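Peer 1: My questions all concern the structure below.
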Amino acid sequence: MSDVLVVALTGVDTIVGVDALPVPYRDSVMAPGITDYVGHTGNGVALGCHALGLATTFLDFLGEDDHGRLILDSYARRGLDFHWLPNPAGTSRSVNLVDAGGRRMSFYDPRDPGRDLPEDFFLPHLAKARHVHVSIASYALPVLDAAARLGVPSSTDLHDWDGRDPYHRRFAERAGLVFVSTANLADPAAAMREIRAIRGATVVAMSGADGCLVLDGGGLREHPAVAPPGPVADTNGAGDSFVAAYLAASLTGGDAVAAGLRGGAYAVTVPGTHESFLSEL
């Protein structure tokens, strides 16, 4: 039995430090300290839950390449229960530009595997999970449908959805708990109500330094941010750490919103994508 099953989206993030965003055009720019990190959203949620003591299983496609081996070595060191299928397109990549204030701009190469995760791969894990968190990879969508059939509570993170893109909406329509960033929402409250109207999902809209909004059966509530425990170094992975801490508190009877805010605040003080997490709520 696992506390949390996390499905989809591990990869390698290349972090490039820049003075400011947007980057002015030049033919060549010195950027010392370019570093590869094991990253992507599923990786962050899985490792965050694992660090908080939840029995965590992570499933994904993975390239049989150097970047895939980097990921496998990392999970072996951390003790994360990871199961994977070969991706002929290779391991997912991103390049993230991070400015001196910790803001980022990310460029993704998803390396689509060209097929869905097969049921005979994910069902045995899903049937033993208390909760499943599904990243917004199209090949993982069948997991949400199966979770509904089996009665397994589910969540997803729409990230910087604009409130219109039908790709993200497919995930919002299927999950019982929906996380989303307010970054591209013209009217966050309206978007949250639209999501909740579909199937009664709890909706959590993350606003970074402005805290978060939560919409559930008790109505819409605003929660102020928690002060980071140190200087802001890098906002990569803050949302994933919020989600992981929120899920951990939900599954252990704690204050999920307070935990999520603490998780996100801690993450922004750590350089890199998912290098360190809260270890207690």
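Peer 1: Which members of segment 46-83 meet the condition of being among the charged types (D, E, K, R) and surrounded by fewer than 21 Cβ atoms within 10 Å (Cβ to Cβ)?
Peer 2: Step one: of segment 46-83, the residues among the charged types (D, E, K, R) are 60, 64-66, 69, 73, 77-78, 81.
Matches in segment 46-83: Glu64, Asp65, Asp66, Arg69, Asp73, Arg77, Arg78, Asp81.
Peer 1: Could you list, in sequence order, all residues of segment 230-242 that are outside any helix (DSSP H, G or I) and polar (S, T, N, Q)? Steps first, answer last, please.
Peer 2: Filtering segment 230-242 down to residues outside any helix (DSSP H, G or I) leaves 230-237.
Of everything in segment 230-242, those that are outside any helix (DSSP H, G or I) and polar (S, T, N, Q) turn out to be Thr235, Asn236.
Peer 1: Answer yes if at least one residue in segment 230-244 is farther than 23 Å from Gly101 by Cα and out of contact with any strand residue (DSSP E or B) (no Cβ under 8 Å at 6 or more places or on another chain), and no otherwise. Before the answer, list the steps.
Peer 2: First pass over segment 230-244, keeping only residues farther than 23 Å from Gly101 by Cα: 244.
Then keep just the ones that are out of contact with any strand residue (DSSP E or B) (no Cβ under 8 Å at 6 or more places or on another chain); that gives 244.
Yes, the conditions are met somewhere in segment 230-244.
Peer 1: Given Leu213, Leu247, which one is surrounded by 14 or more Cβ atoms within 10 Å (Cβ to Cβ), touching a Pro at 6+ places or on another chain (Cβ under 9 Å) and of a type outside the set (S, T, N, Q)?
Peer 2: Working: Leu247 fails: touching a Pro at 6+ places or on another chain (Cβ under 9 Å).
The match here is Leu213.
Per-residue answers, yes or no, for (1) closer than 26 Å to Val152 by Cα; (2) crowded, with 24+ Cβ neighbours inside 10 Å; (3) of a type in the set (Asp, Glu):
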| site | (1), (2), (3) |
| --- | --- |
| Met1 | yes, no, no |
| Val4 | yes, yes, no |
| Val7 | yes, yes, no |
| Thr14 | no, no, no |
| Ala20 | no, no, no |
| Val23 | no, no, no |
| Val29 | no, no, no |
| Gly33 | no, no, no |
| Gly44 | yes, yes, no |
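Here is a yes/no grid of residues against (1) of a type in the set (Lys, Arg); (2) at pLDDT below 95; (3) surrounded by 15 or more Cβ atoms within 10 Å (Cβ to Cβ); (4) closer than 26 Å to Thr269 by Cα:
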residue	(1), (2), (3), (4)
Pro86	no, no, no, no
Ser92	no, no, yes, yes
Leu97	no, yes, yes, yes
Gly101	no, yes, no, yes
Ala127	no, no, no, no
Ser135	no, no, yes, yes
Ala140	no, no, yes, no
Ala147	no, no, yes, no
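Peer 1: Need pairs with beta-carbon distance below 8 Å; first residue at positive phi and in contact (Cβ under 8 Å) with a residue 60 or more places away in the chain and within segment 83-103, second part of a loop (DSSP other than H, G, I, E, B) and buried (at least 19 other Cβ atoms within 10 Å of the Cβ); sequence gap 6+ or separate chains.
Peer 2: Matching pairs, first to second residue: Gly102/Asp234; Gly102/Thr235; Gly102/Val268.
Peer 1: Let me ask something else about it. For the condition within 30 Å of Ser155 (Cα to Cα), under 23 Å from the mean Cα position of the chain (by Cα), part of a helix (DSSP H, G or I) and in contact (Cβ under 8 Å) with a residue 24 or more places away in the chain, what is the one hit in Leu54, Leu70?
Peer 2: Working: Leu54 fails: part of a helix (DSSP H, G or I).
Among Leu54, Leu70, only Leu70 is within 30 Å of Ser155 (Cα to Cα), under 23 Å from the mean Cα position of the chain (by Cα), part of a helix (DSSP H, G or I) and in contact (Cβ under 8 Å) with a residue 24 or more places away in the chain.
Peer 1: Could you run through segment 20-76 and say how many residues are over 25 Å from Lys128 (Cα atoms), of a type in the set (A, V, I, L, M) and out of contact with any Ser or Thr (no Cβ under 9 Å at 6 or more places or on another chain)?
Peer 2: Of all residues in segment 20-76, those over 25 Å from Lys128 (Cα atoms) come to 20-39, 63-70, 73.
Right, trim to of a type in the set (A, V, I, L, M) and you get 20-21, 23, 29-31, 34, 38, 70.
Adding the requirement that they be out of contact with any Ser or Thr (no Cβ under 9 Å at 6 or more places or on another chain) leaves 20-21, 23, 29-31.
Residues flagged as over 25 Å from Lys128 (Cα atoms), of a type in the set (A, V, I, L, M) and out of contact with any Ser or Thr (no Cβ under 9 Å at 6 or more places or on another chain) within segment 20-76 amount to 6.
The values are calculated or read from the model by the stated rules, or taken from the named source; none is laboratory data. Since this is a predicted model, take the numbers as computed values, not measurements. Cβ: placed from backbone, ideal geometry, glycine included. Neighbour counts: every protein chain shown.
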